[in-house]
Each structure stands twice: as C-alpha cells, then as structure tokens.
Amino acid sequence: MNIIATTPAPHYRKAKPLAALLKVYKGLNTLNSVVIIMSEIYDPKKTIKIENVVASTAIGTSLDLPKITLQLDGADYNKERFPGVVYRTKEPKTAALIFGSGKIVCTGAKSIDDVHNGLKKVFSELKSMGVDVMDNPEIIVQNIVASADLGAVLNLNAIAIGLGLENIEYEPEQFPGLVYRIAEPKVVMLLFGSGKLVVTGGKKTADADAAVDKIVEELDGLGLL
Amino acid sequence: MAELEKEKEIEKSERSKIRESIKLRKEKEKVGAFEKPTVECPECGSRSLVQDYERAELVCNDCGLVVDSEFIDQGPEWRAFDHDQRMKRSRVGAPMTYTIHDKGLSTMIDWRNRDSYGKSISSKSRAQLYRLRKWQRRIRVSNATERNLAFALSELDRMASALGLSRNVRETAAVVYRKAVDMNLIRGRSIEGVAASALYAACRQCNVPRTLDEIAEVSRVSRKEIGRTYRFISRELGLKLMPTSPIDYIPRFCSGLNLHGEVQSKAVEILRQAAEKELTSGRGPTGVAAAAIYISSILCGERRTQREVAEVAGVTEVTIRNRYKELAEQLDIEIIL
C-alpha cells in the first residue's frame, strides 16, 4: 500500500485548489494507494497581510514647529509643501506627521502595536525636548489597509454584473481594479484580475477578515471563484 | 417640485413608449411578416411598389396589383415650392430638443423687421423692436439654473461637434447633464467637467464609446478630472453602464488605420475568444482592442506597425506589445513577421 503525502504545489493555488489537486492525483488513487493531502483547502483568509495602519492622536498642547524641526534628528519641515513636521522612526518603521496644533498622525505601520510603539517613541522624543505631553494620549486607529489573495484568477466583467453595477465601480480604462464598497463592515475592496485584493477603510483588523469572508461567500454564491 | 416630478413622469412614460415601439419594431423585424408585404408585391414578388397619393393606393409597378388602398397621407396638407413658401406655410417650429436649455420651446423675435403681414416696420418703431428683441433674448435665460444649462449645453454641443458625434448622443448627453443638475450634482464641480463627463457617459450609453483622452482633448478640463466626475455622476445617477467592450472600439480604430472589413471582423473574432478566456479582465479596453487589430492586420497581410496602431488607439507601443504577447500566447496564434 502506497501512501502519498503531499502539499499543493504553488501553481495549483491559482486554479481551484482542492478540485485541481484531486484531478492530479486521481490516477494514483487506486486500490493500493491512498492520497493524503496534507494542507487543507486553500484559505484566502490566511493570506491577509496588513500593509498599513494609520492612527491619530493629540498631545494637548500646541507646538512650535520650526523649533522642533531643529531639535528632532531627521525631521522634515517644509511649510510650502506640507503644513506639518514629518518625522520618521526607524524601529518600528513609521512616519509621524506632527502638526502645530499638537495633533499627530502616524502612518506606515504594519500593525497596531507598531503604531503604539512608534507614537510612544515620538512622545518620549518630544518630552525630552521639554514639550509637556499629556499622559497617555488617546490613540485612535483611523484606517487599516490589508491585502489578500483569493487564489484564483477573477473575471472582473462577470463579477461587475454579478455584484450589481450599482454597487461597484469598474472602469478598466481608468483603473484595472474593481472597486466594491460594502456597508458591513464599512470597507472598500479593490479586486484585481489576478485574484489579489486590497481591503481598505477598516478600523479593526477583524474588519479585513470579515470583508474577505464576505467577498469569498458572495463570489462563491455567484460561482465566480 | 410637483411640476418637476410630473415632467419627469412624462419624460419617463415617453421614453418607455419609445422603448416599446423599438421593441415592437425589432420583433416585427424578427418575424418579418408585417413589413415585408408593403415592400414586396404578394402576387409577383416585385419590389417596385408605387404610392399613388391621388387615389391613396399602393400599386405594384410590374403587375398592376393594388396592394393597399385608402392609406393615410401623413404629410402636410399644404404645398410649398421654395424655402420662403415653406417657412410661410409651416405652422410648427423645430422639434423639441434637450440640447437647448429651454428645450427649444421659448419664443424668439426674429431679425427681420417685418410685421405679421410681411410689411416692413416703420423706422420709428424699429428701435423699440430692437429693444424688445434684446430683452426677449435676455429673458429666455430666467434664472441661475437656466444660465448654467445654457452654458453647459452649448459647451456640450461644441465638444460633440468637435468629436463628430451624432444627434442621439448629444440628446443623451443633454439628458444626463439635466439629471445631474436636477440632483444638484454640479455644485462643487466645474460645469465644463460635468458636461464633458456627461458626454463621455452618453457615448458609452449609445455604444459608441470615446476614450477619456479623446474627450479631454476637446474639453477644457483634464482627463483625470473628467474620469473623476464621470465616476461620481454615474454612481449618483445610477447610470449602470457596463464596462466598455474592446469590440466597440474596433470599427473606429480600423477605419482610422484604413484597414479592410476583413481585418475588422478578424479582430472582433480575436476579441471574442479573448473574452472567453478572460484575457480582458482588468485590462484597458483600448489596449486590448489595439493589440487585436495589430494581430489581425498581420494575419490578413495588411500589416500596420505597432506605432501606427498605438497612435490611433491612444495607447503606448509597450501596452500593445504586452497585450499582443498575452493574446498570441493564450489563443495560440502563430505570427510570422
């Protein structure tokens, strides 16, 4: 009795995962050989990767930006181009936009923890410069951008009709992706022909999961995945 | 408000009537049983039927059979032998149109200084008439909305003329723009931008899509602005336009390249196959169309260079090369240069 254990080869991910695998191993699946497929069915939710987290906060006092620019190492301030100081932290890699009103926006972080760590660094830097920073300023996550892969090529034309032309935006002349706005969770999804997708506008990491769940369910229902 | 609603209602019912009549006509064409007898003699099969208006009879010119009798003459009951007479006898004005801000329904005092009997007006009252004419012209545009429409519709007409678009596209564009005005979508956007995007939408509705670049060339706003405004109004008005198909561009690009009909049909065939294999999703329709034309021009022995095709389609040569490689590979087309 032969036992063949296998994981799906990467290129089968592009096709319908399980069906394609069974087809390949059908020839072997005779009486004396058992095929064990080690990996479970391809799950798009496992490919979700947070690409960017944007958060805002306020330290409670107004700031003298030119002075801060001089004292902060690597800070960038160009009044004509942007009305705030751009301060980039290395570890974690984020960029903090510090405004004169004392509000700070942190972008470029790859996780919510990174946002907090990055902002803590900025706070301590400011404190060491003699700025009286509020104790534990409230940090509000404004936007989370995540990417995922559905693992199958998409026919965007069919999806556009399937999801309803009033719910989507698909203008291949202007942008190759299909824009799908959903209310619950309130996010915007960009679907691409390669099967990759971007979820943006969420406030929680769970929003991206829920959105991917929803789109997979809807596309499955339409038979377009 | 109620009046507006009513107007809309009427507009809607009129449109549905027109739609129904078109449907009916199409069905008739399918059945082919209703219209044919009037163009073909049922006795001898001759197609030369003559309408005899004096006897109100439809007569076959070959065998003399009276096919139809006592039909209604729908023409005017008066006769005119030249333009002057026609102007004098006609009791109607130009048909109603959406392309004029007052739908072409308001009155205009014409430039001739003649009264209703055709006598010339005395020099005394001429000055008065001049003044009246001026005020009549001014009063035609009664409020800000009208002024907006007047400007936008003339702008629409200018762009449509520059692009050589047909009447029905202009009418559709005007209707789209009017809807946008009714829903207060113009506020915060430039009139030119909304007009240009209304024209873009109308072209797509009428299945004669123009690229954003073409529209941008004749308008005073950038392509980006038009695209943005188009997306906005199409969402707000719920235009529900299908993404443009590359096939719609083929005839225009082919004639721009002086290619024969054979090349055209070959290109369309390639695109059909490409659509089946999902090669068009997420690709710009003009690029795909250009590549299909490029391939079919080679296959039919009427080669056009990538640069020539790119020029006409408004895409880059690189785009054509990429699309053409995809198409050739996926559709198993052997191309020998």
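What to note about this one:
- Here is the figure for segment A:172-217: residues that are among the small types (Gly, Ala, Ser) and farther than 30 Å from B:VAL288 by Cα total 7.
- Condition check for A:LEU126: among the aliphatic types (A, V, I, L, M) and under 26 Å from the mean Cα position of the chain (by Cα): no
- Selection of strands (runs of 3 or more DSSP E) fully inside segment A:118-208 by the criterion of at least 3 residues being facing another protein chain (nearest Cβ under 10 Å), touching an Asp or Glu at 6+ places or on another chain (Cβ under 8 Å) and surrounded by fewer than 20 Cβ atoms within 10 Å (Cβ to Cβ) returns nothing.
- In segment B:189-227, residue nearest to B:VAL315 (Cα to Cα) [restricted to those that are of a type in the set (Ser, Thr, Tyr) and surrounded by fewer than 20 Cβ atoms within 10 Å (Cβ to Cβ)]: B:SER222
- In the set (1) touching a residue at least 24 places away in the same chain (Cβ under 8 Å); (2) loosely packed, with under 14 Cβ neighbours inside 10 Å; (3) under 18 Å from B:ILE191 (Cα atoms), B:ILE109 fails one condition alone, (3).
- Matching residues, segment A:99-138, being β-branched (Val, Ile, Thr) and either modelled with pLDDT of 90 or more or closer than 23 Å to A:ASN78 by Cβ (or both): A:ILE104, A:VAL105, A:THR107, A:ILE112, A:VAL115, A:VAL122, A:VAL131
- Subset of segment B:260-301 (residues that are within 14 Å of chain A (Cβ to nearest Cβ), assigned to a helix (DSSP H, G or I), touching a residue at least 40 places away in the same chain (Cβ under 8 Å) and farther than 10 Å from B:ARG323 by Cα): B:ALA274, B:PRO285, B:THR286
- Boolean, B:GLY282 is in contact with a helix residue (DSSP H, G or I) (Cβ under 8 Å, 6 or more places away or on another chain) and at pLDDT below 90: yes
- Residue list for segment B:228-246, restricted to those being assigned to a helix (DSSP H, G or I) and either more than 14 Å from chain A (Cβ to nearest Cβ) or surrounded by fewer than 21 Cβ atoms within 10 Å (Cβ to Cβ) (or both): B:ARG228, B:ARG231, B:PHE232, B:ARG235, B:GLU236, B:LEU237
- Residues being of a type outside the set (Gly, Ala, Ser) and farther than 23 Å from B:ARG178 by Cβ - total across segment B:215-241: 3
- Odd one out for B:PHE253 among (1) within 15 Å of A:GLU173 (Cβ to Cβ); (2) within 14 Å of chain A (Cβ to nearest Cβ); (3) assigned to a helix (DSSP H, G or I): (2)
The values are calculated or read from the model by the stated rules, or taken from the named source; none is laboratory data. Values in this document were obtained by computation on a predicted structure and should not be read as measured data. Here the Cβ is made from the backbone with ideal geometry for all residues, glycine too, and neighbour counts use every protein chain on show.
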